[in-house]
Amino acid sequence: MAASVPGPVGGLAFIQFGDYAEAYERLSRGGEETYYAQRQSVDFVTELRRRVPRVLVMWVGGRAAPRTLDTGVETVGFEVYGRDSIGAGTDYLKGWGATHAVLRTPIAGMLADCVARGVRVLPTFADSFATRGLRRRAANWRLARLLNHRSIDFVGNHHVNASLNLAQIGVRPGKIIPWDFFMMASPGEFAAKRHPGAGRPWRIAVVGRIEPDKGLPDCIAAVELLAQRGVEAELHIVGGVKAADFGPAAAPPSANGRVVFRGPLRHRGVLELMHGCDTVVVPSRHGYPEGLPLSIYDAYCSRTPLVASDHPMFDRRVVHGESGLVFPATDAGALADRIAALHGDPALFERLSRNSEAAWNGLQLPVEWSELVRRWAEGTPEDMAWLRRHTLASGRYDHLTGKVRTIELSLPEQELGPAEGAGA
């Protein structure tokens, strides 16, 4: 199905978790980024404001009064899963005059309201969607039906596996565009590493959140298992995580120095920490809705050997024995085995460090998020043709995915029933 051409942009709204006004003001004062490429994202929205009459960034994770920044970008906050409702957010969009919206998080109710009210939507996710369980499959069916609606030209997701996952739940591959972040660092900044040898604890880096499905408890358990095997290791946790978050289970390792809570770090600090460690672990459990975490890119950039779980979104992006080592998610014993293998095998360690540059190169995609948004918003025939040439069905990604064109679904263009309209 050919994508249609969006009409002129009167008001462009970004719908996201994240307080744009706070980020803009912090960065304007010379403050640090709190996540990768945050400055580029903030600056891109400012640049778009020069191209279109009005730009709004709606924060859906907390309340904030409407305001206009000195760049002309407008902001507002609704706590759509708390004291406010999805309907309150879409009512505001309607009153504000949104003609176009970039939906950066998969909120099906907000998507349905926008479509029913004639707002043109570009979903750009960084999520995967579990397919087990009747309730989950029903939710996926509804989301896919909405995404296949004829008014939605394209659907972005971060990287190829997450994009394939959209196709798996029923979204037409001819609509799905894998996108990537603007890359601010590369493995060329660091030399390949030599095995550090004996004489000090083995240093392990992990960037984590407190949610158990991010796998931090598995890392802490693995460090204890390594100690039982005679391998002294230190686990360096980056992020807003404290020992108290884990309760009594974290007391023994934190007390004896095996776990170090480093707190949030700027992106450059994360790379430098990883480079100074001997292993980077990405331990996500299958239940966590990963797209492709930036910690995998950063591990390859740092040239420090990577150990990652077998999360479905990492398949073929971390190849066991070539670009990293893979362990079964939730299995702390297997994670300890992989770390012990790197500790005891200098040739393996050095091969993975050398291979990290090729692994990083293999992750790079031709569509960067801001270009996806800009071309869709401008919507010229040339822009829309360019976007169609970068969908999963284009054949451009066959070397990464297999021939996904064979799973193009024969689904009709979707209409919304009354129950899926505004306020549903």
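The values are calculated or read from the model by the stated rules, or taken from the named source; none is laboratory data. Predicted, not measured: the structure shown is a model, and the values here were computed from it. Positions of Cβ are generated from backbone atoms using ideal geometry, with glycine treated the same way; all protein chains shown enter the neighbour counts. For accessibility, only protein heavy atoms count, side chains too; no ligands or nucleic acids. Shrake-Rupley method; radii C 1.70, N 1.55, O 1.52, S 1.80 Å.
Name the most mobile residue of L225, L392, L147, meaning the one with the largest mean-square fluctuation, in a Gaussian network model of the chain with Cα contacts below 10 Å.
Result for the chain, Cα springs under 10 Å: L225 fluctuates most.
What does the helix-only formula give at 222 nm for the chain: each DSSP H stretch with n ≥ 4 adding -39500 (n - 2.57), the total divided by the residues, and the result rounded to the nearest 500 deg cm²/dmol?
It comes out at -11000 deg cm²/dmol, rounded to the nearest 500.
With viscosity set to 1.567 mPa s and temperature to 4 °C, compute the Stokes-Einstein D of segment 25-153, Rh being the Kirkwood radius across alpha carbon pairs; µm²/s, no decimals.
For the chosen part, D equals 80 µm²/s.
Counting only the heavy atoms of the protein chains, how much of R51 is accessible to a 1.4 Å probe, in Å² to the nearest 10?
Around 120 Å² of this residue is reachable by solvent.
Compute the long axis of helix 86-96 from its Cα atoms, compare it with the longest principal axis of the Cα atoms of the chain, and write down the angle in degrees, 0 to 90, nearest 10.
Result, in degrees: 50.
Where does the Debye-calculated log10 I(q)/I(0) of the chain sit at q = 0.10, 0.11 Å⁻¹, using only Cα point scatterers of equal weight, no solvent?
Summing over Cα pairs of the chain leads to -0.73, -0.88.
Which number do you get for Rg(Cα) / (2.2 N^0.38 Å) in segment 142-248?
1.61
What is the Cα coordinate range of segment 105-164 on the first, second and third principal axes, sorted by size from largest, in whole angstrom?
Its Cα atoms span 32, 26, 17 Å along the three principal axes.
Enumerate the residues in segment 49-77 having an amide nitrogen under 12 Å from the point lying 7 Å beyond the Cα of R83 toward its Cβ.
62-65
Count the net charge of all other residues whose Cβ sits under 12 Å from the Cβ of T90, scoring Lys and Arg as +1 and Asp and Glu as -1.
Local charge sum for T90: -1.
If I take all pairs of Cα atoms in segment 302-373, what percentage of them are more than 21 Å from each other?
32
With a cut-off of 18 Å, note down the residues of segment 162-202 whose backbone N falls inside the zone around a label point 7 Å from the Cα of A347 toward its beta carbon.
The answer is 193-197, whose backbone nitrogens lie closer than 18 Å to the label point.
Grab the beta carbon distance between R142 and K94, set R0 = 22 Å, and tell me the FRET efficiency rounded to 0.05.
With R0 = 22 Å, the Cβ-Cβ based efficiency is 0.50.
Any chance you could get the radius of gyration and Dmax over the Cα atoms of segment 201-347, in Å?
In order Rg, Dmax, the Cα atoms of segment 201-347 give 13.7, 39 Å.
So how tilted is helix 267-276 from the main axis of the chain? Cα-based, degrees 0 to 90, rounded to 10.
20
For N161, what is the net charge nearby, where nearby means another residue's Cβ is under 13 Å from its Cβ and Lys, Arg count +1, Asp, Glu -1?
For residues surrounding N161, the net value is -3.
At 7 Å along the Cα-to-beta-carbon direction for both T71 and A358, put a label point, then send me their distance in nm to one decimal.
4.0
With θ set to phi - 60° and the Karplus curve 6.51 cos²θ - 1.76 cosθ + 1.60, what are the ³J(HN,Hα) couplings of segment 35-41 in order, to the nearest whole Hz, using x for Gly and Pro?
Running phi through 6.51 cos²θ - 1.76 cosθ + 1.60 with θ = phi - 60° gives 8, 4, 6, 4, 4, 4, 5 Hz.
Starting from the residue with the highest accessible area, list K242, K94, K175, K214 in decreasing order, probe 1.4 Å.
Heavy-atom accessible area, descending, gives K94, K242, K214, K175.
When only the heavy atoms of the protein chains count and the probe is 1.4 Å, how do R229, R142, R172 rank by accessible area, highest first?
So, going from the largest accessible area down, we get R229, R142, R172.
For q = 0.18, 0.20, 0.24, 0.31 Å⁻¹, what log10 I(q)/I(0) does segment 277-328 give under the Debye formula with an equal point scatterer on each alpha carbon and no solvent?
-0.48, -0.60, -0.87, -1.40
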